[in-house]
Each structure stands twice: as structure tokens, then as C-alpha cells.
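Worksheet for the structure shown next.
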Amino acid sequence: MHDVYFFNTMGRSIQRFEPLHDHTVGFYGCGPTVYNFAHIGNLRTYVFEDILVRTLRRFGYDVTHVMNITDVGHLSGDDDTGEDKMLKSARERGKSVLEIARFYTDAFFKDTERLNINRPTIVCKATEHIQDMIDLIRRIEANGYTYFAGGNLYFDVSKFGHYGELAGLQLDQLKAGARVEVDPHKRNPFDFVLWFTKSKFENQALLWDSPWGKGYPGWHIECSTMSMKYLGEQFDIHAGGVDHIAVHHTNEIAQSEAATGHKWVNYWMHAEFLVLDKGKMSKSSGSFLTLQTLVEEGYDPLDYRYFCLGGHYRSQLSFSWEGLDQARSARLSLVDRVIALKERAGTPAPLPRLGERPMRYREAFDEALADDLAMPRALAQAWTMLKDPEMTPAETLALVLDMDDVLGLGLAGAERRETSVDAETVRWIEEKIQKRADAKKARDFATADAIRNELKTRGIQLEDRPDGTVWRLTE
RNA sequence: GGCGCCGUACCCAAGAGGUAAGGGAGAGGUCUGCAAAACCUUUAUACAGCGGUUCGAUUCCGCUCGGCGCCUCCA
């Protein structure tokens, strides 16, 4: 078991991680609202959470990772009066809410899979936990934190002593309503809805009976409900994007602790945004890139994963195609090295038998991870290790594969892409190589170079090595 | 109006009160008929600007300029 330090948003400081129970970790990561594709900014956060889980597991913790799928309750508007995002998307696309949810949930996991993001231990849908939410709301209500107004059940933030602690909010200094019209039914602008009853959605799906009338849950309650259901009323880590600090997570804390009467989450971790030149990536500004777009532009999804690894999760990372190109070059070079190591070393050296020098690299790599997931430093360690001439190929291979347990770049499965070329093409290429060899032997370099160029235009690069000519795909 | 972050070489990006990781790109070299690949070497007297604290700051403090995020659905 390795000591780990994380930056806890609660308290805004690096803190030593101490799990509630020994070797187990309960981790809840806010999942997607499945009304549209995830964009690469969203995906950055999931890469971060994946690194977090992989790191904890590497250090010996048994992690239960829970992720929600928001398929109801998340409103599209700037205030609590907007339409549910799922309903809106379904209406606009002429599909049922169920179809929309299934489609985008599948798309989401297809993306995360392509990024080598491990599946959470438990994936739970909001719509399958409505009764649990109602039960939790009733506890909050029984404890006196709610009021009913205008058809909605509200959480009364003034009853919750340290509301806004996570975000450092001071209620009296916030200019609530400066940019958004405040719901007139609210006693306090920061009150939020636990349960909606909206007659205008009477004939639509996503309505459930409740003690407060037919309606649907507020967005925040699902995370409180499902996290506690699967991880217990107090658990270790809750993560998400920085945008969730001030509202979503702040409200989650208020309602959760109002229900149970005790502390809910010990460590809060938030991933910074992926930003473009003009600011953050968002669906409304039109600068909305999906992983699929990157693939269509010729990138491997793992190029994007590598790109994410290049920046610390608590710093904004600026996306650019040039940056992605650089990530691709670096990743391909890494893969080439691993392939070469496999060819030279055969099987990796057994980890326990590695000597002092390799183990120092491993320790440095782990130190970086343990220091609030310093991936750029961990990556730098990996590169330095890869270039160390004092190490044997078997040692280097063993270590790089070991590190890849966290990096998640699929290095164990790395192999020459040439193996995917069909036999007929291989035969054709080999004939060309033979003809070129003959030309070279006759010192007819013009012909030799012509053949090499012909192959090059077809994406096949020839390399003359001491023991003969080999070919490889360039794209 | 409030809260917070950032500004490091051509690009991305770490970092530490004592003299700047790593990657990409570039340059030179070895090898080669020439290439490619690989390997070797190389690329910030200095970390936006100006002050202050200090024996010493790029790293701490203040101000200025510039960029960004949150306070409103949002990873």
C-alpha cells in the first residue's frame, strides 16, 4: 500500500488520502446526461477519473467505482424552469426518451471504451432509482429542510448551516439573479428543487407519482441517492468537472447531509476544463468536438488519451490540432519503442526480479502518481526510463508495461500494424522489394528509388537495414 | 459585483526559495548509394512586466498588463 495525496476541493489543499475502510475505496464519479454525444472536453474528465481509479488500484486499493447515467431531471434552462434535457432532445429528434437515452448511453460507453477508460464497477440510471430518490427526499423533508411552493418541493438552503462550503460561497455576497431571473417561488435564490410537478408535461413520459404529486426529481438528488445506495451514507471520493463545484456538488452535499445528519463525502476532486483558443468547449458555442470527429480526422482515440495525459488534471488544457498532432507523434513513438522492445526482449522480465535501477524508476513513477496524480511527471519518468541505456530490453519492457497499467495506452497489445495487411498485398510488396534489391545490386539507383517512391505514395515506407529491407505502414 | 485559476523555450507542458522535467518540432552528426528508421549531440543566463521580502526568487508578497473559468444548464 502506497501513500497517496490528493487535492481536496473541500479545504482546497493537498491532503493525505485515508480511506474510511482500510483497503477499500468508495468512489462516485458524476456521469453523463445522455441527451447528446459527449464532447472531448467531457471525455477529459472521464480520462482523469480513469487515471484516479487505476492509480488507486495500482496502490492496492479495492475500488468500487459508481457512475450515474442522468436520463431525467436535468433541465435545459438557465434556471429551474427549463425543460428536461431528455424530453427536449427526444422531442427535437422525434424519438422516445428511452430511445434517446439508450442511444447516447451506448455512444458514451463506446467512446470511453475507445479511450481505454475502464468501465465503472456500477453504472446506475436515474430513472431506475426514482423510488430511492423519493425515499431520500422524504428523509430530507422529515428533517425540516424543505418547503413546497408553486408546485415544486424546494430545499431550503438557509436551514443548512454550512451551505456553500465546498465552493467557498458566501450567500450574502453573491449577486444571485444578476444574470438569471430568480424563480419567484424560492425563498432564497439558492434554494433548489428536489421534486418538480409540472402539468405541462402531463402527457409525456418521465412522470412518476410521489407524495408531492405527479412529477419528476430535481437533478441533484440522483447523485445523492445512488451514491449512498451503492457506497453507503458516507464514502471516500466524489469527482466531476470543476463546473459542478458551485451548484451541483454544493447542492448534493446540502441535501445528502440534511438527510443523514452527518458527513457524506471525504474527498472532492475536480477536473479542469479542456479549453479552446476562445474558451471552454461547449455545446452552445458551436465548438463541440466529439471523439468520433477526431477519428474521422485520422486520429486514434488513444492519441487523445495521450494528449490528456500531457497536462495535469487541475490545470486547464488547451486543445489544438497541433497539440493533438504532437500527442500522436509521441504516442506512436512510444508504441514503436515498445514493439522494438518486445522483439528484442521476448518476454518482459518478471517485476519482482527487477534490480535497483529499474525499481528507482518505478518508484519515481509511483511518487508522481501519488502526488495528486501528476501525470505529466509520471510520463516524463516513463520516457527517461525508456531512454536509459543502462537497462536491459527485458527490464525496460517490463517496466513500461507495468506503467501502462495506469497510462492505459494499450501497450501490452501493441504490435506492428503491418500484421493486418492481407497476404496478397504483402506478396506484392515483397516482389517490389525484390525488384528494388536487384536494381540496387545493378547500381541502378534511379529504378530503386522509383520503386521506393511508388510504395511510399501507397503509404508503405521502406527501410534498408543491415540484414535486409523491411517495410512499414506510414499511416 | 463576488470567488478562483493561469501567463515557463518554436509548440504542448512539468517544476522547485539556491539556479529550469518530459514530449513534439528544429539543427548538427553517426549510419546509408541516397533515403528512412535508429542512435548521439544540440535548442530558455532564465520562467509576462514592475516593485517588495530574502544571503539568494522564476518559485513568497503586492501591483500592472494579458488570458481563462465559476457564480446560470454544462465535464
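The values are calculated or read from the model by the stated rules, or taken from the named source; none is laboratory data. Just so it is clear, the structure is predicted and the values come from calculations on it, not from any experiment. So basically every Cβ, Gly included, is an ideal-geometry build from the backbone, and we count neighbours across all protein chains shown. Just so you know, the surface numbers come from the protein's heavy atoms only, side chains and all, with ligands and any DNA or RNA stripped out. Shrake-Rupley method; radii C 1.70, N 1.55, O 1.52, S 1.80 Å.
Every test in (1) more than 14 Å from A:Met269 (Cβ to Cβ); (2) more than 18 Å from the chain's Cα centre (by Cα); (3) open to solvent by 10 Å² or more (accessible area, probe 1.4 Å); (4) within 13 Å of RNA strand B (Cβ to nearest atom) is passed by A:Tyr35 save one, and that test is (2).
Annotation: of all residues in segment A:295-320 being over 25 Å from A:Asp372 (Cβ atoms) and more than 16 Å from the chain's Cα centre (by Cα), the one that is nearest to RNA strand B (Cβ to nearest atom) is A:Ser320.
A search for C-beta distances below 6 Å between a residue of segment A:47-59 that is at pLDDT 95 or above and any residue that is among the small types (Gly, Ala, Ser) and not in a helix (DSSP H, G or I), counting only pairs 6+ apart in sequence or on different chains, returns A:Phe48/A:Ala271; A:Glu49/A:Gly29; A:Glu49/A:Ala239.
Filtering segment A:102-147 to residues that are among the hydrophobic types (A, V, I, L, M, F, W, C) and under 18 Å from A:His220 (Cα atoms) leaves A:Val123, A:Cys124, A:Ala126, A:Ile130, A:Met133, A:Ile134, A:Leu136, A:Ile137, A:Ile140.
Tell me the residue from A:Thr24, A:Thr121 that is more than 30 Å from A:Trp208 (Cβ to Cβ), surrounded by fewer than 23 Cβ atoms within 10 Å (Cβ to Cβ), without any contact (Cβ under 8 Å) to a residue 60 or more places away in the chain and not aromatic (Phe, Trp, Tyr), please. Being more than 30 Å from A:Trp208 (Cβ to Cβ), surrounded by fewer than 23 Cβ atoms within 10 Å (Cβ to Cβ), without any contact (Cβ under 8 Å) to a residue 60 or more places away in the chain and not aromatic (Phe, Trp, Tyr) holds for just one of A:Thr24, A:Thr121, which is A:Thr24. Of the candidates A:Ala330, A:Ala368, the single residue that is free of Cβ contacts under 8 Å to residues at least 24 places away in the same chain and within 30 Å of A:His312 (Cβ to Cβ) is A:Ala368. Against the list (1) assigned to a helix (DSSP H, G or I); (2) open to solvent by 10 Å² or more (accessible area, probe 1.4 Å); (3) modelled with pLDDT under 95, the condition A:Ala349 fails is (1). Per this entry, A:Ser285 is counted among residues that are more than 7 Å from RNA strand B (Cβ to nearest atom), under 30 Å from A:Gly164 (Cβ atoms), hydroxyl-bearing (Ser, Thr, Tyr) and modelled with pLDDT under 90.
Determine if segment A:60-79 includes at least one residue that is of a type in the set (S, T, N, Q), without any contact (Cβ under 8 Å) to a residue 24 or more places away in the chain and within 15 Å of RNA strand B (Cβ to nearest atom). Scanning segment A:60-79 turns up at least one residue that is of a type in the set (S, T, N, Q), without any contact (Cβ under 8 Å) to a residue 24 or more places away in the chain and within 15 Å of RNA strand B (Cβ to nearest atom). Checking every residue in segment A:235-243 against the condition of being open to solvent by 30 Å² or more (accessible area, probe 1.4 Å), outside any loop (DSSP other than H, G, I, E, B), in the same structural domain as A:Ala38 (by TED's automatic domain parsing) and within 25 Å of A:Val63 (Cβ to Cβ) gives at least one match. Evaluation of A:Leu369 against the conditions (1) open to solvent by less than 30 Å² (accessible area, probe 1.4 Å); (2) part of a helix (DSSP H, G or I); (3) within 9 Å of RNA strand B (Cβ to nearest atom) shows that the sole unmet condition is (3). Taken over segment A:436-475, the criterion of being part of a strand (DSSP E or B), among the hydrophobic types (A, V, I, L, M, F, W, C) and more than 8 Å from RNA strand B (Cβ to nearest atom) is satisfied by A:Ile460, A:Val470, A:Trp471, A:Leu473. Against the test of being farther than 23 Å from A:Leu291 by Cβ and away from RNA strand B (no atom under 11 Å from the Cβ), the options A:Ile100, A:Ile117, A:Ile130 yield a single qualifying residue, A:Ile130. For segment A:353-366, filtered to residues that are open to solvent by 10 Å² or more (accessible area, probe 1.4 Å) and in contact with a helix residue (DSSP H, G or I) (Cβ under 7 Å, 6 or more places away or on another chain), the residue that is nearest to RNA strand B (Cβ to nearest atom) is A:Ala364. A:Leu379 satisfies every condition listed in (1) within 19 Å of A:Cys308 (Cα to Cα); (2) over 27 Å from the mean Cα position of the chain (by Cα) except (2). Can you spot a residue in segment A:337-359 that is among the polar types (S, T, N, Q) and free of Cβ contacts under 8 Å to residues at least 40 places away in the same chain? Looking through segment A:337-359, none of the residues is among the polar types (S, T, N, Q) and free of Cβ contacts under 8 Å to residues at least 40 places away in the same chain.
When A:Thr425 is tested against (1) surrounded by 19 or more Cβ atoms within 10 Å (Cβ to Cβ); (2) assigned to a helix (DSSP H, G or I), just one condition goes unmet, and that condition is (1).
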